[in-house]
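A quick write-up on the structure given underneath.
Derivation of every value follows stated rules applied to the coordinates shown; laboratory data play no part. Note that this is a predicted model, so its numbers are computed, not measured. No Cβ is skipped: glycine too gets one built from the backbone with ideal geometry, and neighbour counts run over all protein chains shown.
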Amino acid sequence: MIEIDREYFLVKAHKGMTVYHDEVEIEDFEYDEDEDTYFFPCPCGDQFQISKQDLIDGEEDATCPSCSLVVRVIYDKTAFAAKQEEIENTKNPKLIKEKA
């Protein structure tokens with residue numbers, strides 16, 4: 001069984017700092033295009049989730065809706081946002097003309 005340093009956890013929680021279960025690279029998440037959300041398996045049996053918009057906004061905490069665990073998503077925020085903008089411009093070329 002894993003022993004948790006209760007005092008360390010309480011100090012981190014008191015300071016408003018997130019205690020991460022793990023750090024996971026964005027490439028390890030599964031993307032659901034219908035929900036515009038990235039998913040990664042949680043030990044509780046559910047899945048950590050974070051929306052594409054949250055990632056574009058620079059968020060890095062993927063939460064599990066069934067338990068209190070949180071993982072930190074490792075990704076290049078600037079590159080991710082730029083890639084999403086590029087994808088949107090490819091889908092809707094009219095936006096490129098309007099910006100010019």
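Taking neighbour Cβ counts within 10 Å as the exposure measure, how do LYS83, LYS52, LYS91 sort from fewest upward?
Neighbour counts put them in this order, fewest first: LYS91, LYS83, LYS52.
Stretched out straight at 0.36 nm per residue, the stretch from GLN84 to CYS44 would grow longer than its current Cα-Cα span by 11.3 nm. Full extension of the chain between ASP22 and LYS52 gives 8.8 nm of extra length, using 0.36 nm per residue less the Cα-Cα distance.
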